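Below is one structure; the comments refer to it alone.
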Amino acid sequence: MFPPLVILTAVMFAGAPFMIAGALNEPTMGVVYKIFYFHVPAWFAMFSAIFTCGIASAYFLFKNNREADHLAASAAEIAVLFGLMGLVTGPLWGRKAWGVWWEWEARLTMAFLLEMIFIGYLLVRTYGGPGADKLAAALGIFGMVNVPFVYVSVNIWRTRHPKTTVVPTLGPGMRGAFWYCVAAFMLLFLVLLAIRVELQRRRARLDDLYLAQEDGAA
Amino acid sequence: MVKRLFTVCWSMFGLGAMAAAQTPAAQDGFVNVNTLPPADQVSAGPLLLAAYSFVWVVVLFYVWTVWRRLNKVETEMKALERRSAAR
């Protein structure tokens, strides 16, 4: 299952430049708007990673399921990765579209804080010591609850960032390329999640082997 | 105490209303900045290229780091198994 997924993802990303190049130009912004085809899917992938982390964290906290913990930790790291993509591609677009690299308005600020929450998750897991997995799980749930607020922030507050009505009202010349890129990023998320979960499982196995060795020596 | 709290709340409300009045209205679509002086305008091509390149570089770098960590775990596991077998 995994190799075909990798091949499909690679093919999708190889085809993405052609799909994006073939999409209609946006009349007011020109070619820079095409960052949209990576920027928005990256955030969709980040939100997917966060929901995966949050739900897995809840399952781990309430059921003490180690597999759920592996999934949560892996998804959190991938959430940071896609968030970084969004936080870099956005200002590159904004510099041309708004004339500024960054603005502390609602959507951008909340997205930045969301990224910080999951960087915090990773720091807690790495340096938190005993019990850090449960503490991080609580943080993962907190981060997940923030996502709807980040999403609707552009509708609630007066912001410079475009509203959520942009995607549902995309024209036919842009819709195809956009959803193609969303599919490519979702596949990428699944592939990265699979390899990262495998790493987490092997680390846990290694820790168990060390503990078994210590118990045997004692 | 209640009067002080009431005054603080009203002041915050007033400040919030002032801040909201100064914030530009939300927009439904994209807004082009074409009023900047030429010296402040940037070319779109390099920005587009930088955005796509960054995404590719980050993904490849991340895959490389996971691969490296997997190799490290594998090496440690083999060493541990060898030590256990030696006993």
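The values are calculated or read from the model by the stated rules, or taken from the named source; none is laboratory data. For clarity, every value in this text was computed on a predicted model and none was experimentally measured. Quick reminder, even Gly has a Cβ in these numbers, built from the backbone with ideal geometry, and neighbours come from all protein chains shown.
Against the conditions (1) away from chain B (no Cβ under 12 Å); (2) at pLDDT 90 or above, where does A:PRO172 fall short? Just the number, please.
Going through the list (1) away from chain B (no Cβ under 12 Å); (2) at pLDDT 90 or above, A:PRO172 breaks only (2).
Could you look through region A:155-164, keep only residues that are part of a loop (DSSP other than H, G, I, E, B) and of a type in the set (Val, Ile, Thr), and pick out the one that is farthest from the other protein chains (Cβ to nearest Cβ)? Show your work before the answer.
Quick first cut of region A:155-164, residues part of a loop (DSSP other than H, G, I, E, B) only: A:157-164.
From the residues that got through so far, the ones that are of a type in the set (Val, Ile, Thr) too are A:159, A:164.
Details: A:THR159: 6, A:THR164: 10 Å.
That would be A:THR164.
From A:LEU188, A:LEU193, grab the single residue that is under 30 Å from B:LYS78 (Cβ atoms) and either of a type in the set (S, T, N, Q) or out of contact with any His (no Cβ under 7 Å at 6 or more places or on another chain) (or both).
Answer to the check: A:LEU193.
Here is a yes/no grid of residues against (1) within 9 Å of another protein chain (Cβ to nearest Cβ); (2) acidic (Asp, Glu); (3) part of a loop (DSSP other than H, G, I, E, B); (4) touching an Asp or Glu at 6+ places or on another chain (Cβ under 7 Å):
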{"position": "A:PHE62", "(1), (2), (3), (4)": "no, no, no, no"}
{"position": "A:ALA72", "(1), (2), (3), (4)": "no, no, no, no"}
{"position": "A:GLY83", "(1), (2), (3), (4)": "no, no, no, yes"}
{"position": "A:LYS96", "(1), (2), (3), (4)": "yes, no, no, no"}
{"position": "A:TRP102", "(1), (2), (3), (4)": "no, no, yes, no"}
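Being more than 10 Å from chain B (Cβ to nearest Cβ) and either on the phi < 0 side of the Ramachandran plot or of a type outside the set (Lys, Arg) (or both): is that true of A:ALA177 here?
It is true that A:ALA177 is more than 10 Å from chain B (Cβ to nearest Cβ) and either on the phi < 0 side of the Ramachandran plot or of a type outside the set (Lys, Arg) (or both).
Just for region A:165-191: of the residues that are part of a helix (DSSP H, G or I) and touching a Leu at 6+ places or on another chain (Cβ under 7 Å), which one is surrounded by the fewest Cβ atoms within 10 Å (Cβ to Cβ)? Please lay out each step first, then the result.
To start, the set of residues in region A:165-191 that are part of a helix (DSSP H, G or I) comprises A:172-191.
Remaining after also requiring touching a Leu at 6+ places or on another chain (Cβ under 7 Å): A:173-174, A:178, A:187, A:190-191.
Working: A:GLY173: 12, A:MET174: 20, A:PHE178: 19, A:LEU187: 19, A:LEU190: 18, A:VAL191: 19.
Result: A:GLY173.
What number of residues in region A:31-64 are in contact with a Ser or Thr (Cβ under 8 Å, 6 or more places away or on another chain) and aromatic (Phe, Trp, Tyr)?
Of the residues in region A:31-64, the ones in contact with a Ser or Thr (Cβ under 8 Å, 6 or more places away or on another chain) are A:35, A:38-39, A:42.
Subset that is aromatic (Phe, Trp, Tyr): A:38.
Within region A:31-64, residues that are in contact with a Ser or Thr (Cβ under 8 Å, 6 or more places away or on another chain) and aromatic (Phe, Trp, Tyr) number 1.
Could we say that A:LEU206 is within 22 Å of B:LEU80 (Cβ to Cβ), within 12 Å of another protein chain (Cβ to nearest Cβ) and at pLDDT below 95 here?
Answer is yes for this residue.
Among the candidates A:LEU92, A:LEU81, which residue alone is within 16 Å of the chain's Cα centre (by Cα) and not aromatic (Phe, Trp, Tyr)?
A:LEU81
Within the bounds of region A:183-193, is there any residue that is of a type in the set (Gly, Ala, Ser) and at pLDDT 95 or above?
Yes, because at least one residue in region A:183-193 is of a type in the set (Gly, Ala, Ser) and at pLDDT 95 or above.
What's the number of the only condition in (1) closer than 17 Å to A:GLU198 by Cα; (2) within 13 Å of another protein chain (Cβ to nearest Cβ) that A:ALA56 fails to meet?
(2)
Per-residue answers, yes or no, for (1) part of a helix (DSSP H, G or I); (2) at pLDDT 95 or above; (3) more than 8 Å from chain A (Cβ to nearest Cβ):
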{"site": "B:VAL42", "(1), (2), (3)": "no, no, no"}
{"site": "B:PRO46", "(1), (2), (3)": "yes, no, yes"}
{"site": "B:TYR62", "(1), (2), (3)": "yes, yes, no"}
{"site": "B:ARG69", "(1), (2), (3)": "yes, yes, no"}
{"site": "B:LYS72", "(1), (2), (3)": "yes, yes, yes"}
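Quick check: anything in region A:11-23 more than 14 Å from chain B (Cβ to nearest Cβ) and surrounded by 15 or more Cβ atoms within 10 Å (Cβ to Cβ)?
no
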